[in-house]
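For reference, the structure is listed below as structure tokens.
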Amino acid sequence: MNQLFILSVIVLVSYGLGSITGAYYIVKWFTGKDIRKIGSGNAGATNAGRVAGKKGFLLTLLIDAGKVLLALSFTSILTDGEGYLILSSILSMLGHLFPFQLGFHGGKGVVAYLASALFLCPLSIGVFAMMMGGSYIIIRRYTFSGFLSMGTIPLTAYVIEGSFTISAGLGALFITVLLFHNRSFHHSVET
């Protein structure tokens, strides 16, 4: 297949799947409301949990992780280059952050990042989980412990996989999550 064609398909499929915003659809289904206008206004799993309970959180988590895993699986079937997988991860993240069908108002990208890490280096998620548990016990601050733990993923991936491409790609995704974590939502939000 032509490289330009492959690249175009990866771009469209990865961004398109990334744009499926689980929180929006789950909250709409459970409550009939637009998640971008309630709770924190964020179209992510945590806000879905606030609005629709544990079931809403878990379903959103499954959809958001599933869409990234599906995009990466598709990319790995289409081609075998690590660079293509990183591109697919980044485009899935961009779709999650800026879904076209929701006026480019999406989530913060944590689940998309963790799902990418799970696909690219599954053992890095084990290290992340151990680090998260240990740091939370010591620090007792969930968000700080989470970011500290997520920061280990690119390093762990490099040690385990020995791939600068995968490590750098996961590092770029982590920086993206950091940049969008305190994302401000400009809608009036019901509490």
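Calculated over region 47-106, the projected area of the Cα convex hull averaged across directions stands at 4.5 nm². The distance from the alpha carbon centre of region 83-102 to that of region 124-177 is 20 Å, rounded to a whole number. Each semi-axis of the equivalent ellipsoid for region 117-183 is √(5λ) with λ an eigenvalue of the Cα gyration tensor; in descending order they amount to 20, 15, 8 Å. Here's how it looks for Ile38: its modeled amide H is under 5 Å from those of Glu190, which are all 5 or more places away or on a different chain. Among the protein heavy atoms, those of Ser76 account for about 50 Å² of accessible surface (1.4 Å probe, every chain in place). Across q = 0.14, 0.21 Å⁻¹, region 1-55 modelled as identical point scatterers on its alpha-carbon atoms has Debye log10 I(q)/I(0) values of -0.47, -0.68, in the order of the q list.
Dividing the Cα radius of gyration of region 66-175 by 2.2 N^0.38 Å, with N the residue count, gives 1.08.
Treating each Cα of the chain as one equal point scatterer and applying the Debye formula with no solvent, the log10 of I(q)/I(0) at q = 0.10, 0.11 Å⁻¹ comes out as -0.40, -0.48.
For the chain, calculate the relative contact order in percent as a whole number, restricting contacts to Cα pairs under 8 Å that are 6 or more residues apart. If you can, show how the numbers build up before the last one.
Working: 299 pairs, mean separation 45.1, N = 191.
Across the chain, relative contact order equals 24 percent.
Using a probe radius of 1.4 angstrom, the carbon and sulfur fraction of the accessible surface of the chain is 69%. Stokes-Einstein diffusion for region 71-127 at 37 °C, viscosity 0.692 mPa s, with a Kirkwood radius from C-alpha pairs, works out to 275 µm²/s.
The values are calculated or read from the model by the stated rules, or taken from the named source; none is laboratory data. The shown structure was predicted, so the numbers you read here are calculated from the model rather than taken from an experiment. Just so you know, the surface numbers come from the protein's heavy atoms only, side chains and all, with ligands and any DNA or RNA stripped out. Shrake-Rupley method; radii C 1.70, N 1.55, O 1.52, S 1.80 Å.
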